[in-house]
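The values are calculated or read from the model by the stated rules, or taken from the named source; none is laboratory data. Quick caveat, the model's predicted, so the values are computed rather than measured. Don't worry about glycine lacking a Cβ; one is built from the backbone with ideal geometry, like all the others, and counts go over all protein chains shown. Protein only, heavy atoms only, side chains kept; ligands, DNA and RNA dropped before computing areas. Shrake-Rupley method; radii C 1.70, N 1.55, O 1.52, S 1.80 Å.
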Amino acid sequence: MAQVILGAVGSAIGGPIGAFIGSTIGAAVDAAAINALTPARPVGPRIRELALSGTAEGAPMAAAFGRVRVSGQMIWAARFREKRVERQSGGGKGGGGTVESRYSLSFAIALCEGPIDGVGRIWADGRPMDLDGATFRLHLGTEDQTPDPLIEAVEGSAPAYRGCAYVVFEDLPLGPFGNRPPQLSFEVFRRPRGGEPRLEDRLKGVCLIPGAGEFVLATEIVRRQDSLVRVSTENVNNLEGRPDLLVSLDQLQAQLPALEAVVLVVSWFGTSLDAGVCQIRPGVEQPDKPTTPFVWRAGGVGRGGALLVSRDEGGGPAYGGTPADAAVVQAIVELKRRGLKVTLYPFVLMDCEGYPWRGRITGAAADVPQLFGVAQPEDITVHGGRIDHAVADWGLRRMVLHQARLAQLAGGVDSFLIGSELRGVTTIRDGAGGYPAVEALRDLAADCRTILGAGTAIGYAADWSEYFGHQPADGSGDVVFHLDPLWADPVIDFVGIDFYPPLADWRGEADVADVAAGIARGEGYAWFYASEEDRLAGARTPITDGAYGEPWVFRPKDLLNWWSNAHHDRPGGVRSET
């Protein structure tokens with residue numbers, strides 16, 4: 001108001017020149033009056049310079065082997081940045097306030113001699129560092145690494161620090177550390193080089209688990225809107241500020257140089273061990289979670305139509321949710337881009353009392369159709385990047401056919417599993433002695449073939465105690481190779497076995513050689529425990545076959561003979577001639 005009044009008065013001082021001089025004087029008087037009427041804002045503490053610890057010429061460089069914690073040495077720092085922030089301390093016009101100074105620093109920390117395979121945890125001043133919002137880059141210390149772009153931009157030119165593993169932090173806020181650079185230490189991974197080939201040099205395939213987590217498989221950063229002003233990342237929990245999947249795959253390929261194939265697990269959730277009422281549904285960790293650049297959707301539904309996974313004793317979700325469809329497609333595309341073969345593995349996690357194994361789902365023959373459901377390939381269709389469903393049931397077929405469509409949407413996969421470890425279901429018998437779930441799996445495999453085409457190998461992953469046959473404990477004496485109709489089906493390309501039999505049962509001295517030899521001897525091969533009491537007592541019953549000389553029929557660990565010999569069922573214990 002003062003500016004308006006005095007400016008107008010000044011303008012009235014005669015003539016154009018007088019008006020100009022008068023208005024200028026009026027504005028100056030106005031400014032002085034306002035400053036006199038308005039109290040100055042107090043300025044908070046400021047720092048003039050930062051004390052930085054550097055690396056002296058000739059200082060030793062650490063050499064890391066295995067997984068070690070190293071304290072870094074600062075090798076570069078830019079001038080700190082100061083940002084002034086006004087904080088109001090009162091309401092209304094003319095209220096007081098202060099001006100705070102906030103500081104950030106860009107710097108580089110040398111870790112150790114390179115090359116390393118990666119970095120895990122970081123500690124700041126002895127405590128785990130909160131990396132949310134921090135921008136940093138890891139240079140592995142190879143002999144061909146290039147200069148860091150930030151250092152180069154600041155300095156005009158920069159060394160590449162070849163042979164030295166280092167981390168560059170960009171504008172790290174210093175407030176949480178008392179407006180000074182924190183003392184940092186790093187968990188460094190480095191596998192041994194040279195010498196005889198090790199396990200890491202020989203492994204060709206891995207299984208990517210646990211297959212749960214709504215956005216864990218995404219290759220782009222997914223952000224969650226926690227409040228009006230706070231945003232968090234869903235899938236960045238690493239040093240490099242990139243999606244976790246990309247960082248972990250980089251580390252995986254660095255540590256397993258012979259890697260050729262990845263089994264990609266994608267989990268839905270079973271709701272009961274009773275096959276007659278069990279639903280198999282995609283799950284979410286919480287009912288509301290706004291995310292960008294895409295929202296969660298899987299199995300043809302959004303959050304509102306998904307299963308809310310149960311909570312643990314601490315109130316958190318007992319499982320991570322089902323990976324979003326978009327994230328699964330991104331993961332498949334990324335694995336293929338890296339030259340890796342991909343097996344897509346639809347997986348059932350049980351979210352019911354006790355969190356049991358899916359192999360315990362069982363029931364009567366009449367329950368099998370309900371468990372599998374009625375979904376057909378034509379009921380599950382792709383529209384752009386979205387998969388829609390025309391049926392409402394939540395059977396096993398819906399999960400498997402949906403994931404076959406995901407594989408199709410991603411441009412195909414090398415292998416596909418129609419299920420795994422359904423031991424309690426595949427051994428359900430009908431009144432005629434047949435196995436209805438085995439026939440249902442054959443039908444499911446055929447429908448997957450119509451979606452996936454001839455270029456994808458299709459199989460089922462049986463439990464190690466399931467693949468070789470069924471000897472029901474019903475007094476019939478039957479010995480049946482119940483999965484053979486599935487294994488022999490022309491649609492099935494391979495026998496899959498989740499193979500984790502007992503390797504050792506030590507009752508005295510033993511060594512690593514005993515464990516290695518246990519793959520084809522010991523429990524499940526030479527002998528078994530007839531009861532839990534026998535196991536505790538160490539009373540072993542030999543596995544024999546006096547009638548036909550085929551003890552391998554009863555040996556879950558005898559892969560060689562199961563594969564090499566003709567299979568003759570034994571209805572009532574009598575060996576069939578065919």
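Just subtract the alpha-carbon distance of ALA517 and GLU577 from 0.36 nm times their residue separation and send over the number in nm, one decimal.
Values: separation 60, 0.36 × 60 = 21.60 nm, distance 3.45 nm.
That pair, ALA517 and GLU577, stretches by 18.2 nm at full extension.
Just subtract the alpha-carbon distance of GLU57 and ALA153 from 0.36 nm times their residue separation and send over the number in nm, one decimal. Before the final figure, lay out each step's value.
Values: separation 96, 0.36 × 96 = 34.56 nm, distance 2.41 nm.
Using 0.36 nm per residue and subtracting the Cα-Cα distance, I get 32.1 nm.
How much area per residue is accessible in the chain when the probe is 1.4 Å and only protein heavy atoms are counted (Å²)?
Value for the chain: 50 Å² per residue.
Once amide H atoms are placed 1.01 Å from N in the peptide plane, what residues at a sequence separation of 5 or more from VAL495, or on another chain, have their amide H within under 5 Å of its amide H?
Amide H neighbours of VAL495, under 5 Å, 5+ apart: none.
Using alpha carbons only, how many angstrom separate the centre of region 240-262 from the centre of region 382-414?
So the separation of the two Cα centres works out to 27 Å.
Before rounding to the nearest 500, sum -39500 (n - 2.57) across all DSSP H runs of length at least 4 in the chain and divide by the residue total; then give [θ] at 222 nm in deg cm²/dmol.
Calculated at 222 nm, the ellipticity per residue is -6500 deg cm²/dmol.
Using packing as a proxy for protection, rank 58-66, 100-108 so that the peptide with the highest average count of other Cβ atoms within 10 Å comes first.
Per-residue mean Cβ counts within 10 Å order the peptides as 100-108, 58-66.
Antiparallel DSSP bridges in region 192-339: what percent, to the nearest 5?
Antiparallel: roughly 60 percent of the beta bridges in region 192-339.
Using a 1.4 Å probe over the heavy atoms of the protein chains, calculate the carbon and sulfur portion of the accessible area of the chain as a whole percent.
55 percent
Setting aside same-chain residues fewer than 8 positions from LYS83, which lysines have a Cα under 27 Å from its Cα?
Within the straight-line cut-off, LYS83 pairs with LYS93.
For LYS204, which lysines qualify as cross-link partners when the Cα separation must be under 22 Å and same-chain residues fewer than eight apart are set aside?
List returned: LYS336, LYS341.
Which order do peptides 423-432, 404-413 fall in by mean Cβ count within 10 Å, highest first?
404-413, 423-432
Once both labels are modelled 7 Å past Cα along the beta-carbon direction, what's the TRP357-ASP493 spacing in nm?
Once both label points are built, they end up 2.9 nm from each other.
Return an integer: the convex hull volume of the alpha-carbon atoms of region 447-517, in Å³ per residue.
Details: hull volume 9.8 nm³, N = 71.
It comes to 138 Å³ per residue, whole-number rounded.
So in the chain, what percent of DSSP beta bridges are antiparallel if you round to the nearest 5?
For the chain, the DSSP antiparallel bridge percentage is about 65.
Can you list residues from other chains, or at least 5 along the same chain, whose modelled amide H is less than 5 Å from the amide H of CYS207?
VAL263
Take the alpha-carbon centre of region 220-234, take the same for region 340-358, and report the distance between them in whole Å.
28 Å
Measure off 7 Å from each Cα along the Cα-to-Cβ vector at ALA504 and ARG338, then give the distance between these two points in nanometres to one decimal.
According to this spin-label approximation, the distance is 3.2 nm.
Taking R0 as 51 Å, what FRET efficiency do you get between ARG535 and ALA390 from their Cβ-Cβ distance, rounded to the nearest 0.05?
That pair, ARG535 with ALA390, gives E of 0.50.
Which lysines have a Cα less than 18 Å from the Cα of LYS289, not counting those fewer than 8 places away in the same chain?
none
Given Cβ point charges of +1 (Lys, Arg) and -1 (Asp, Glu) and nothing else, what value in debye, to the nearest 20, does the dipole of region 451-537 about its Cα centre take?
200 debye
Can you match percent of Cα pairs over 41 Å apart to one of these, (i) 46; (ii) 33; (iii) 23, based on a calculation from the structure here?
From the options (i) 46; (ii) 33; (iii) 23, the structure gives (i).
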